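As structure tokens, the structure follows; a few thoughts come after it.
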Amino acid sequence: MKTLGLTLGKFAPLHKGHQLMIETALQEVDELIVVIYDTEVTPIPLHIRAGWIRSLYPSVRVIEAWDGPDGYSNEREHELREEQYILGLLNGEQVTHFYSSEFYGEHMSIALGAVDRRVDDDRVIVPISATLIRANAYEHRSYISDIVYRDIIIKVVFVGAMSTGKSTITEALAKRYQTTYASEYGRDYWTEHQVDRRIELAAFDEIAIGHIEREEKALLAANKYLFVDTNAITTYMFAQDYHGQAPELLTQLAMENSQRYDLFFLCEDDIPYDDTWDRSGEQKRQVFHKQIIADLKARRIPYISLRGSLEQRMRKVEEILADFKPFSNYYGEGK
């Protein structure tokens with residue numbers, strides 16, 4: 001007889017305790033169904049939470065319960081609603097094992113006619129809860145898979161022309177918020193590989209890949225926020241400036257960049273120009289600044305302008321971050 005396991009929850013977020021339960025079930029049954037509820041306890045959308053499980057456990061059948069019952073309760077009225085909802089989802093399919101680490105395992109297993117399989121319900125093996133992680137994910141980082149953690153972190157990128165203070169504010173904010181930052185990979189690459197202040201077209205793909213790798217490393221060690229100095233769009237624009245074109249991979253990465261970050265800040269060119277050997281002059285900065293703004297508008301990317309001193313700019317960022325909720329309908333201030 002085929003064994004069919006089922007578990008349910010908000011997975012807000014998915015943590016190593018949930019994973020222990022899923023992995024235990026996968027060892028014990030022929031097939032596993034995971035039902036994921038919509039919920040307001042986290043801003044992370046249901047389909048993203050479902051995607052974590054699909055990525056980590058491709059053999060699991062994931063059901064997104066957009067209209068499922070909200071919350072948990074041992075009141076019989078709530079239990080009946082949940083039982084009827086799950087039975088409706090199954091549409092006659094017979095579950096043999098119900099997996100949980102919560103009190104509702106009893107009534108659900110009875111309703112399903114399934115084995116009540118509790119996994120680490122006293123939280124001894126994996127002493128963590130989603131509530132603790134929502135309160136401070138960084139403190140409980142070891143209980144969160146990388147694929148989940150990257151969606152918890154708020155990713156903030158700073159764009160702008162050369163010598164507009166991107167590096168300075170990125171590092172300063174990381175220090176203030178006690179988190180990580182990703183410096184501009186392209187500047188490091190250019191310094192090492194330039195010949196007569198030029199690099200080949202193919203090098204821009206290497207820069208884009210190297211920058212993303214640098215971001216990912218910093219992201220997985222970040223504390224709530226990751227601050228990023230420039231991105232693939234900036235690299236794309238430098239390629240256009242150098243060669244009148246951009247390689248295919250870089251072009252694709254630049255297109256995807258609007259979805260990679262939660263907030264875009266544009267560093268304005270209102271601060272004194274720092275005329276170092278690797279830069280092309282203040283006139284070039286002014287032109288490039290206009291081009292960056294035009295490109296952001298063409299890509300329909302909302303951005304927030306930063307002007308004034310470092311402290312004024314940081315204060316503006318801090319005001320935005322204080323109100324910002326990830327995955328929210330937040331548009332910022334475009335020109």
### Message
Tell me the per residue accessible area of the chain using a 1.4 Å probe; a whole number in Å² is fine.
### Response
49 Å²
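Probe radius 1.4 Å, ligands and nucleic acids left out: which of 305, 59, 167 has the largest accessible area, and how do the rest follow? Display every interim value, and only then the final one.
Working: 305 20, 59 90, 167 40 Å².
Listed by decreasing accessible area, they come as 59, 167, 305.
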### Query
Could you sort 82, 102 by accessible area so the largest value comes first, with the probe set to 1.4 Å?
102, 82
### Summary
Under a 1.4 Å probe, counting only protein heavy atoms, residue 242 has an accessible area in Å², nearest 10, of 50 Å²
### Query
At a 1.4 Å probe, what is the % contribution of carbon and sulfur to the accessible area of the stretch 183-285?
47 percent
### Summary
For the chain, averaging the sequence separation of alpha carbon pairs under 8 Å that lie six or more residues apart and dividing by its residue count, the contact order in percent is 16 percent
## Note on the structure
residue 116 and residue 220 label points (each 7 Å along its Cα→Cβ direction) are spaced in nm at 4.1 nm
### Task
Run the numbers on the stretch 146-289 and let me know its relative contact order in percent, using alpha-carbon pairs under 8 Å that are six or more apart.
39 percent
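Could you give the Stokes-Einstein D for the stretch 129-211 in µm² per second, using the C-alpha Kirkwood radius, 10 °C, 1.306 mPa s?
Answer from the Stokes-Einstein relation: 102 µm²/s.
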### Task
Identify the residues of the stretch 152-186 with backbone N under 16 Å of a label point that sits 7 angstrom from the Cα of residue 146 along the Cα-to-Cβ direction, or state none.
152-153
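Report the antiparallel proportion of the DSSP beta bridges in the chain as a percent, rounded to a multiple of 5.
Details: 2 of 34 bridges.
Restricted to the chain, the bridges split so that about 5 percent are antiparallel.
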## Note on the structure
Here the gain from full extension of residue 260 to residue 321, 0.36 nm per residue of separation minus their alpha-carbon distance, amounts to 20.2 nm
### Task
Would you rank 297, 10, 155 by solvent-accessible area, highest first, keeping every protein chain in place and using a 1.4 Å probe?
297, 10, 155
## Note on the structure
So residue 67 and residue 291, fully extended at 0.36 nm per residue minus their Cα-Cα distance, gain in nm 76.1 nm
#### Entry: Set of lysines near residue 316 by C-alpha distance (under 29 Å), chain-local residues within fewer than 8 positions excluded
155, 166, 175, 217, 224, 284, 290, 297, 325, 335
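Using packing as a proxy for protection, rank 87-98, 230-241, 211-222 so that the peptide with the highest average count of other Cβ atoms within 10 Å comes first.
On the way: 87-98: 14.8, 230-241: 22.9, 211-222: 18.2.
Listed from highest to lowest mean packing, they are 230-241, 211-222, 87-98.
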### Query
In the set [x] 75, 39, 35; [y] 56, 49, 41; [z] 76, 49, 36, which value of Cα extents along the principal axes in Å was calculated from the structure you see?
[x]
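Do the sum for the chain: with -39,500 (n - 2.57) for every DSSP H run of n ≥ 4, divided by all residues, what is the mean residue ellipticity at 222 nm, to the nearest 500 deg cm²/dmol? Let's see the in-between values first.
Working: 13 runs with 150 residues, N = 335.
It comes out at -13500 deg cm²/dmol, rounded to the nearest 500.
The values are calculated or read from the model by the stated rules, or taken from the named source; none is laboratory data. Keep in mind that this is a model prediction, so the values were computed, not measured. Virtual Cβ from ideal backbone geometry, glycine too; neighbours counted across all protein chains shown. Keep in mind that these areas ignore ligands, DNA and RNA; they rest on the heavy atoms of the full protein, side chains included. Shrake-Rupley method; radii C 1.70, N 1.55, O 1.52, S 1.80 Å.
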